[in-house]
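These notes are about the structure you will find just below.
The values are calculated or read from the model by the stated rules, or taken from the named source; none is laboratory data. Worth saying up front: this structure is predicted, and the values here are computed from it rather than measured. Ideal geometry is used to build each Cβ from the backbone, glycine not excepted, and the neighbour counts take in all protein chains shown. Please note that ligands, DNA and RNA were not included when accessible areas were found on the heavy atoms of the full protein model with its side chains. Shrake-Rupley method; radii C 1.70, N 1.55, O 1.52, S 1.80 Å.
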Amino acid sequence: VTIIKDEKKIFLSGPLSINGDSEVDYVYKAPKSIQRISSLFKNIKPGFDLTNFKLPPLFNLPKSHLQCYGETVYCMGTDMLSRCNQADSPVDRFISVVAWNISTLRPPIFGFAPYNPILGETHHVSRANLNVLLEQISHHPPVSALHATDEKQKIQLIWCQQCVPKFNGIAVVNEVRGKRQLKLLSRGETYEMNSPNLLIRILPTPGVDWDGDVRIRCPENGLEAELHYGHKSFLGLRGSHRSVKGKILETSTKRTLFEFKGNWDRTVTMKDNTSGKLTVIYNAEEVYSGLKTPIVSDLQGVRSTESAAVWSELSEALMRHDWEKANEAKNAVEEKQRELLRERESKGETWVPQHFTLTRNKDGVWDCLPIHQWVPPAPIIVPLS
């Protein structure tokens, strides 16, 4: 969807569906994907730091990583976030948080990646009472911050995310570092969690999966969860595609209360270890049904740093498969960033995020805090089904 007014151009692409495609048919099918991927890594040795590695436009999706991060929060067919606050029992709320956490995964597409956000890039979208604001708060290394609030439900989300990709010879392991917090302010509860890693297999069979361990804990109610995301082995002989299994336990006694297993792109079933009762706590069809592409409700209110504005020329070129224009558009954005960097350096200025305060501890772990308590309504909205 492209909107142009007074020389301001906004391009918004549809969210990814359960199959990895989109409500809007923007995913181009390039032939000989194995050869394309192999050509990228022919000069890369195991252990190579891919943080600053740049993909040519042929391998890009027409959206920024910031938009992808935001979509995991505001693009859902069912409002699973509000459910976390509505349950009266602390145990039921914790189960709802586990289900919501699973719902934030999106099927990646092998061979394609979103744009690397530029420094200061923002993405601001609202869905009903949920207002979501993201900002790229560091470029080297790339660090993204997310603040989402629902003032009516008294819910707050704060994420600080840094992706660190490494090539091990047969795959790229994209480690997702950073703390994620979900605060139910009216309940006085804070849930802390991490993210699984993104595993991009090159050999022997190309593919991409979420992989690794996630821990969710809430000190206020004394509960924690352990989740493990799995994938098939490289040869496809064992393992389950897009699997998730885990347990919910008491922090003090380590007693397991519930066990769950399933597939995050299908259903996840939980067993009550006391009663033996089985319950479906997550259904992917509910999450991915009726997804809508965001629309602009107030063009004048869209920031010049908005992802959909920064990358509009490049996104349009990708839609047309105009690779020459795409290269020009991508280089123009990158050159402008280099020019701004040279200007700051000549003046001795340090770039400061507009919406977050940023810290880094002695171990190199980044953290962020939003400057404002509540995210204001956005000029870009997600239509309700």
request  = Given the conditions (1) out of contact with any helix residue (DSSP H, G or I) (no Cβ under 7 Å at 6 or more places or on another chain); (2) among the hydrophobic types (A, V, I, L, M, F, W, C); (3) open to solvent by 70 Å² or more (accessible area, probe 1.4 Å), report the number of the one that TRP323 does not fulfil.
outcome  = (1)
request  = Scan the range 247-260 residue by residue and report those that are open to solvent by 20 Å² or more (accessible area, probe 1.4 Å) and either in contact with a strand residue (DSSP E or B) (Cβ under 7 Å, 6 or more places away or on another chain) or of a type in the set (A, V, I, L, M, F, W, C) (or both).
outcome  = LYS247, GLU250, THR251, ARG255, THR256, LEU257, PHE258, GLU259
remark   = Among THR279, THR357, THR305, THR274, the single one that is closer than 20 Å to VAL143 by Cα and surrounded by fewer than 14 Cβ atoms within 10 Å (Cβ to Cβ) is THR357
message = Tell me the residue from LEU55, LEU81, LEU61 that is open to solvent by 40 Å² or more (accessible area, probe 1.4 Å), hydrophobic (A, V, I, L, M, F, W, C) and either more than 18 Å from LEU157 (Cβ to Cβ) or at pLDDT 95 or above (or both), please.
response = LEU55
task = Could you pull out the residue among LYS277, LYS247, LYS254 that is closer than 15 Å to ASN101 by Cα and modelled with pLDDT of 95 or more?
result = LYS247
request  = For the range 142-163, state whether one or more residues are over 26 Å from GLU335 (Cα atoms), basic (Lys, Arg), without any contact (Cβ under 8 Å) to a residue 24 or more places away in the chain and open to solvent by 30 Å² or more (accessible area, probe 1.4 Å).
outcome  = yes
inquiry  = It is to be established whether one or more residues within the range 261-270 are in contact with a Phe, Trp or Tyr (Cβ under 8 Å, 6 or more places away or on another chain) and surrounded by fewer than 19 Cβ atoms within 10 Å (Cβ to Cβ).
reply    = yes
task = Search the range 358-385 for residues that are in contact (Cβ under 8 Å) with a residue 12 or more places away in the chain and of a type in the set (Ser, Thr, Tyr) and pair each with any residue that is crowded, with 16+ Cβ neighbours inside 10 Å and not in a strand (DSSP E or B) when their beta-carbon atoms are under 9 Å apart and the residues are at least 6 apart or on different chains.
result = SER385/GLY77; SER385/LEU291; SER385/LYS292
request  = Taking the residues in the range 335-354 that are assigned to a loop (DSSP other than H, G, I, E, B), over 30 Å from ASP298 (Cβ atoms) and not hydroxyl-bearing (Ser, Thr, Tyr) as candidates, determine which candidate is least open to solvent (accessible area, probe 1.4 Å).
outcome  = GLY348
request  = Tally the residues that are touching a Gly at 6+ places or on another chain (Cβ under 9 Å), closer than 16 Å to THR78 by Cα and open to solvent by less than 10 Å² (accessible area, probe 1.4 Å), restricting the search to the range 103-118.
outcome  = 0
ask   = Going by the conditions given, is ALA378 of a type in the set (Gly, Ala, Ser) and either assigned to a helix (DSSP H, G or I) or in contact with a Leu (Cβ under 6 Å, 6 or more places away or on another chain) (or both)?
value = no
Failed criterion for ALA332 (all others in (1) open to solvent by 70 Å² or more (accessible area, probe 1.4 Å); (2) of a type in the set (A, V, I, L, M); (3) without any contact (Cβ under 8 Å) to a residue 40 or more places away in the chain hold) = (1)
query = Residues GLY276, GLY262: which one is at positive phi, over 22 Å from the mean Cα position of the chain (by Cα) and not basic (Lys, Arg)?
reply = GLY276
request  = Would you please list the contacts, defined by Cβ atoms under 6 Å and residues six or more apart or on different chains, that run from a residue in the range 101-112 that is at pLDDT below 85 to a residue that is open to solvent by 30 Å² or more (accessible area, probe 1.4 Å)?
outcome  = PHE110/PRO206; GLY111/SER33
ask   = Based on what the data block shows, is VAL125 open to solvent by 40 Å² or more (accessible area, probe 1.4 Å), hydrophobic (A, V, I, L, M, F, W, C) and either assigned to a strand (DSSP E or B) or more than 12 Å from TRP366 (Cα to Cα) (or both)?
value = no
task = Give the residue that is modelled with the lowest pLDDT, with candidates limited to residues of the range 84-96 that are of a type in the set (Gly, Ala, Ser) and either open to solvent by less than 20 Å² (accessible area, probe 1.4 Å) or part of a loop (DSSP other than H, G, I, E, B) (or both).
result = ALA87
